[in-house]
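Have a look at the structure that comes next, please.
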Ligand code: FAD
Ligand code: SIN
């Protein structure tokens, strides 16, 4: 089964949907999304979008805060570009009908404060900003006749010249993407989608870790499929651990927004004592995430505790409840805890992938006709540590930039060659799914234990040895077993785990989110850790 479209978008989060609405003015848009339309990290975003809207703030302040958080590795041009385009893309969301929270008295938009920000600049919809954005974007896409959204469609490999001509004529420096192989999980069939332009907007890879704030969809598919096709990726060692997810064993992880600390919440150990002054004397509980997550990790290890507390009991009760209704409800539901009376138990969890597919500020990758935006991309904005609430902003600005780049192209000159149908020859459905679920558990546990908040050379070596074994098992399984979403996802999870560890091993220093006890200092030379499969040692491929 083969389908043709002008723009193929992989993913229906903020990046994919925003681009779709713009591209629909120029041609036919097909969005493939692997679960329900709204299932995305976007849908769970809480704090909001960082942008300069207050007269007390400035672009210079936002740029400086972003560069400071990024620990020397941000690309200043990317930071300038994204920060300066912020107010305009927020205006577009407002025009689309997104309801951001306003201050009671002035009627101005309420601007929250989060870690690492010198000013209040986070525009939000109470504490469910992402849900409100997804609602507005999906509703606009649903009523647009040029946009088709296909749910339960999982893209698992990109179509390139390699599939057309084979290895012999393949030139790794001149690759073009023509579409994707997509698994229709409802009908258990592989479909070929051919397109003039392909936009990867498939989000992050938090699910590589045992504990994560990310939803089920975040299995790193975009980075894995792009890397397999020959895209360059970078900085994958910089997995951001959010300092405060609710400690509620046996329940899916739930985020306690950084905006709660911005509102005055204070971190304390189990004996009720504050500790952040030891790690960040000036910013304390509102220091950037890498510092807070490491501080919590150190206190937990030192004291043998399972969690620390986030205390908001000293804050005005009604106002705190009104500002964080979603968090209040979840604490009640999961722990029967009233946060106006009791402290909230919290732990760090994997949250955001700062690295990704390398793109320029037009969203272009090193593969022709393949663009990437949102969490899957590495534009240079985040460097070694993302500043809170900068990622929704980046997704909005870059999806618009891609559209502006493609707006002037003459679609008629881009061909969509035909590709052979997917063949299942030689595969069987006899294998037990427990083999996959066991591999998934192994990957998550080893990444949490060996490639977590604090790393060492020994832990990375151990991780790499085990990853090599699992990679081989998954590859063998993939070659002889009929497709399923689980199989396709474990293939991507192990590919991402491998890439994270290889990036972490390249970084012989501690910078931002990559903390290695064997290299406690920063190198003088500041470098991205770039991986390209054509440079990789064959033992790991
Ligand atoms: P996503 O929103 O994750 O969308 C990815 C889409 O791709 C999904 O539709 C998914 O189903 C689809 N997909 C994935 N793989 C495939 C495949 N193989 N085939 C087809 N479809 C696929 N950032 C902020 O700036 N502010 C915040 O307040 C904030 N809060 C957050 C709270 C939580 C709990 C989490 C998890 C993240 C938060 N972040 C926040 C980060 C931010 O939400 C994400 O980085 C951002 O939403 C990513 O948007 P995206 O469009 O790139 O990806
Ligand atoms: C949060 O609300 O703490 C998440 C913000 C973010 O990840 O940017």
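Only the coordinates and a few stated rules stand behind these numbers; no lab work does. Every value quoted in this text rests on a predicted model; they were computed, and no experiment measured them. Ideal geometry is used to build each Cβ from the backbone, glycine not excepted, and the neighbour counts take in all protein chains shown.
For the chain, what's the radius of gyration and Dmax over Cα atoms, in angstrom?
22.5, 69
OK, next. Give the relative contact order (percent, whole number) for region 51-93; include only Cα pairs under 8 Å separated by 6+ residues. List each step's numbers first, then the result.
Details: 24 pairs, mean separation 19.6, N = 43.
Computed value for region 51-93: 46 percent relative contact order.
Sticking with this one: When the Cα centres of region 351-388 and region 236-268 are compared, how far apart do they sit, in Å?
One Cα centre to the other: 24 Å.
Based on the mean of other beta carbon atoms within 10 Å per residue, what is the order of 254-261, 414-421, 312-319, most packed first?
Details: 254-261: 25.6, 414-421: 12.6, 312-319: 14.6.
Put in order of decreasing packing, that is 254-261, 312-319, 414-421.
In addition: Taking the Kirkwood radius as the inverse of the mean 1/r across Cα pairs, report the Rg/Rh of region 270-407.
Details: Rg = 19.7 Å, Rh = 18.0 Å.
Computed over Cα atoms, the ratio is 1.09.
Please arrange 165, 438, 117, 153 by counting, for each residue, the other beta carbons lying within 10 Å of its beta carbon, fewest first. Walk me through the numbers on the way to the answer.
Working: 165 11, 438 14, 117 27, 153 22.
Result, fewest neighbours first: 165, 438, 153, 117.
Here is a follow-up. Let me have the 222 nm mean residue ellipticity of the chain computed from DSSP H runs of 4+ only, each contributing -39500 (n - 2.57), with the sum over all residues rounded to the nearest 500.
Details: 16 runs with 190 residues, N = 541.
Only helices count here, giving -11000 deg cm²/dmol.
Give the angle, between 0 and 90 degrees and rounded to the nearest 10, that separates the Cα long axis of helix 434-450 from the longest principal axis of the Cα atoms of the chain.
50
Would you mind calculating the relative contact order of the chain from Cα pairs under 8 angstrom and at least 6 residues apart, reporting the percent as a whole number?
Working: 1178 pairs, mean separation 115.1, N = 541.
Relative contact order of the chain: 21 percent.
Continuing with the same structure: I'd like the antiparallel share, as a percent to the nearest 5, of DSSP beta bridges with both residues in the chain. List each step's numbers first, then the result.
Values: 38 of 63 bridges.
Rounded to the nearest five, the antiparallel share is 60 percent.
Grab the Cα-Cα distance for residue 174 and residue 99, subtract it from 0.36 nm times how many residues apart they are, and report the gain in nm with one decimal. Please report the intermediate quantities before stating the final value.
Working: separation 75, 0.36 × 75 = 27.00 nm, distance 4.46 nm.
Additional length available on full extension: 22.5 nm.
Using Cβ contacts closer than 10 Å as the measure, can you line up 477, 7 from fewest to most?
Ordered from fewest to most neighbouring Cβ atoms within 10 Å, 477, 7 come out as 477, 7.
When only C-alpha pairs under 8 Å and at least 6 residues apart count, what is the relative contact order of region 446-541, in percent? Don't jump to the answer; show the numbers that get you there.
Details: 74 pairs, mean separation 29.8, N = 96.
So the answer I get is 31 percent.
Helix 14-23: angle to the longest alpha-carbon principal axis of the chain, degrees 0 to 90, nearest 10?
That works out to roughly 50 degrees.
Something else about it: Only counting other Cβ atoms within 10 Å, I'd like 29, 52 sorted with the fewest neighbours first. Can you show the working numbers first?
Details: 29 27, 52 21.
Neighbour counts put them in this order, fewest first: 52, 29.
As I understand it, the value is the acute angle between the Cα axis of helix 325-335 and the longest principal axis of the Cα atoms of the chain; what does it come to in degrees, rounded to 10?
90
Which distance in Å, rounded to a whole number, links the C-alpha centroids of region 81-157 and region 449-508?
Cα centroid to Cα centroid, the span is 34 Å.
Could you let me know the centre-to-centre spacing of region 208-233 and region 287-342, using Cα atoms, in angstrom?
The two parts, judged by their Cα centres, are 29 Å apart.
Counting DSSP beta bridges with both partners in region 1-131, what percentage is antiparallel, nearest 5? Spell out each step's value before the answer.
Values: 5 of 9 bridges.
Once the DSSP bridges in region 1-131 are tallied, antiparallel ones form about 55 percent.
What FRET efficiency would be calculated for the residue pair residue 404, residue 341, taking the C-beta separation as r and a Förster radius of 56 Å, to the nearest 0.05? It would help to have the intermediate numbers written out before the result.
Values: r = 51 Å, r/R0 = 0.91.
Efficiency at R0 = 56 Å is approximately 0.65.
Hey, any idea what Rg/Rh is for region 382-475, computing Rh the Kirkwood way over Cα pairs? Mind dumping the intermediate values first?
Working: Rg = 21.7 Å, Rh = 18.8 Å.
Reported Rg/Rh (Cα atoms, Kirkwood Rh): 1.15.
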